[in-house]
Amino acid sequence: MNSANDDARPVRGMRDIMGQDSSVFNTVVDTLKQVAQSHGYSHIETPILEFSSLFARSLGEDTDVVGKEMFSFADRAGQQVSLRPEGTASAVRALISNGLTQKLPQKLYYFGPMFRYDRPQKGRYRQFFQFGIENLGEGSPLSDVDVIFLANDGLTRLGIKSKLFINSIGDQPSRTAYKARLVEYFSKYETDLSEDSRRRLTTNPLRILDSKEAGDLKIVEGAPSISDFLTNDAAAFFDSVQNGLSALSIDFSLDRTLVRGLDYYDHTTFEFKTDIDDLSLAIVGGGRYNGLVEQIGGPHIPAIGLAFGIDRMMLAYDASKLVTPPLIAVLFVTKNEELYALELAQQLRKNFNVILPTDGNLAKRMKQSNSAGACCALILGEKEVAERSVTCKFLKEVQGYANGAENLVSRDALEAFFAQICQS
Ligand code: AMP
């Protein structure tokens, strides 16, 4: 059992989001919701827990995410469940469990915490947030362009600068040919490969390309490229995606090593990267996954999706652009005006954000109002109550009123006064 000291700490790799971070978090998520809705996506909320086998089957047993990073446990009935490490598998499971495979396309967006037991560092957490969209049912390369355009739209609206990298990992026949060539290549270095990569040589050679082991990285550098193994169909599909992006003036670079760490991808893969301090971090990742619905037990349904990494977008977002709605503090002078103040606060809350500090003397409550960021304090004393007015003291410079300026305003004119002051 943990000591009391341990109980007051968050679990490693998990964190609280509050204050200004919370405002940035909400701005990012709200903007992405608007973008997703404007592209015709509707909301889906899936459970955070799913059967572990769903992820093993769809992401792949040999991936780092399934093999090393899932938070998995047996529930009280002994069933193996996992905290979701990503959202695509759940969205596809939901398509099938809700009997929607004949009602296509289903364009869904979701948002929420994901869990991976990775090594925490800047921009990498064990509980992190993704905003994802899944286009289930559309197979044209135009939908790849449209999905990438959506990501670009979200980042642009938030003012986050990034670079787009794309690749094609081809269709099944392309990958069968490529895998055979990879086995041939990596077998030459079998004794130098890490234990994981040696195992993957027989189970899933494509996954050796994602290895993070320094020794493997050198060998991976010289590996053959998927681009030489694309079938004519796969090459033509990828050409159409690139032409579409060019037509929309979306800049991109080809990254032939971009195979992404999950098994379900097919054809197009992409990532948007941004520089945060001296790190280049992926903030959006996605791709096509035409085989996944069938793999989870549904019919063959083409699909493509992506996930924005909210935590990294928060690091990249310029917080000075936040627009915070004005906050008004209502302050009673003595106990005699308490109820009058409460009533005024309730009245103003219909249209404005209002706090009513309750503890301590007037000076202390004025200080609290300042640190809460209130733009003005409405002071209610004996005189104000008798005259049905309030003294409005500005706590910052607002719309031509100096910090510290005081105005006596009648209660009846108060709403109109603030409607003018609070317009931002
Ligand atoms: P993936 O599901 O691996 O394709 O990741 C999609 C996006 O989620 C990435 O581009 C990151 O922005 C974000 N992401 C993935 N893993 C983490 C993590 N451990 N911590 C924070 N963000 C993450």
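Would you please list the contacts, defined by Cβ atoms under 6 Å and residues six or more apart or on different chains, that run from a residue in region 333-349 that is farther than 14 Å from residue 411 by Cα to a residue that is surrounded by 12 or more Cβ atoms within 10 Å (Cβ to Cβ)?
333/362; 333/381; 337/380; 337/385; 338/332
Tell me which of these residue 62 doesn't satisfy, since it passes every other one: (1) in a loop (DSSP other than H, G, I, E, B); (2) at pLDDT 95 or above.
Among (1) in a loop (DSSP other than H, G, I, E, B); (2) at pLDDT 95 or above, the lone unmet condition for residue 62 is (2).
Here's the yes/no breakdown for (1) away from the ligand (no atom under 15 Å from the Cβ); (2) open to solvent by less than 30 Å² (accessible area, probe 1.4 Å); (3) in contact with a His (Cβ under 7 Å, 6 or more places away or on another chain):
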site	(1), (2), (3)
51	yes, no, no
57	yes, no, no
62	yes, yes, no
65	no, yes, no
71	no, no, no
78	yes, no, no
92	no, yes, no
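Here are some residues: 174, 143. Which one is more than 20 Å from residue 285 (Cβ to Cβ) and either small (Gly, Ala, Ser) or within 20 Å of the chain's Cα centre (by Cα) (or both)? Quick ask: steps written out before the conclusion?
Values: 143 fails: more than 20 Å from residue 285 (Cβ to Cβ).
It is 174.
Anything in region 298-323 that is touching a residue at least 24 places away in the same chain (Cβ under 8 Å), more than 16 Å from the ligand (Cβ to nearest atom) and either open to solvent by less than 30 Å² (accessible area, probe 1.4 Å) or more than 14 Å from residue 30 (Cα to Cα) (or both)? List them, or say none. Break it down stepwise before answering.
Filtering region 298-323 for residues touching a residue at least 24 places away in the same chain (Cβ under 8 Å) gives 298-299, 301-319, 321-323.
Still in the list and also more than 16 Å from the ligand (Cβ to nearest atom): 298-299, 301-302, 318-319, 321-323.
Answer for region 298-323, where residues must be touching a residue at least 24 places away in the same chain (Cβ under 8 Å), more than 16 Å from the ligand (Cβ to nearest atom) and either open to solvent by less than 30 Å² (accessible area, probe 1.4 Å) or more than 14 Å from residue 30 (Cα to Cα) (or both): 298, 299, 301, 302, 318, 319, 321.
Here are some residues: 119, 93, 126. Which one is of a type outside the set (A, V, I, L, M) and without any contact (Cβ under 8 Å) to a residue 60 or more places away in the chain?
Numbers: 93 fails: without any contact (Cβ under 8 Å) to a residue 60 or more places away in the chain; 126 fails: without any contact (Cβ under 8 Å) to a residue 60 or more places away in the chain.
Within the list 119, 93, 126, the selection yields 119.
Provide a single number: the residues in region 316-361 that are assigned to a loop (DSSP other than H, G, I, E, B) and under 21 Å from residue 389 (Cβ atoms).
9
If residue 117 meets every condition in (1) within 16 Å of the ligand (Cβ to nearest atom); (2) surrounded by fewer than 21 Cβ atoms within 10 Å (Cβ to Cβ); (3) more than 15 Å from the chain's Cα centre (by Cα); (4) not in a loop (DSSP other than H, G, I, E, B) apart from one, which number is that one?
Only one criterion in (1) within 16 Å of the ligand (Cβ to nearest atom); (2) surrounded by fewer than 21 Cβ atoms within 10 Å (Cβ to Cβ); (3) more than 15 Å from the chain's Cα centre (by Cα); (4) not in a loop (DSSP other than H, G, I, E, B) is unmet by residue 117, namely (4).
Looking at (1) assigned by TED's automatic domain parsing to the domain that holds residue 158; (2) at pLDDT 95 or above; (3) more than 16 Å from the ligand (Cβ to nearest atom), find the lone condition where residue 367 falls short.
Every condition holds for residue 367 apart from (1).
I'd like to check something: does region 389-402 contain any residue that is open to solvent by 60 Å² or more (accessible area, probe 1.4 Å), part of a helix (DSSP H, G or I) and of a type in the set (Lys, Arg)?
no
Here are some conditions: (1) within 16 Å of the ligand (Cβ to nearest atom); (2) in contact with a Cys (Cβ under 9 Å, 6 or more places away or on another chain). Residue 329 meets all but one. Which one does it not meet?
(1)
Within region 366-384, count every residue that is buried (at least 20 other Cβ atoms within 10 Å of the Cβ) and part of a helix (DSSP H, G or I). Break it down stepwise before answering.
Kept after step one, since they are buried (at least 20 other Cβ atoms within 10 Å of the Cβ), are these residues of region 366-384: 369, 374-380, 384.
Narrowing further to those that are part of a helix (DSSP H, G or I): 369, 384.
Count: 2.
Kindly provide the set of residues from region 225-236 that are modelled with pLDDT of 95 or more and open to solvent by less than 30 Å² (accessible area, probe 1.4 Å), ordered by number.
234
The values are calculated or read from the model by the stated rules, or taken from the named source; none is laboratory data. Not measured: the values here are computed from a predicted model. Glycine also receives a Cβ, built like all others from the backbone with ideal geometry; neighbour counts cover every protein chain displayed. Side chains are part of the model used for accessible areas, which takes the heavy atoms of the whole protein and leaves out ligands, DNA and RNA. Shrake-Rupley method; radii C 1.70, N 1.55, O 1.52, S 1.80 Å.
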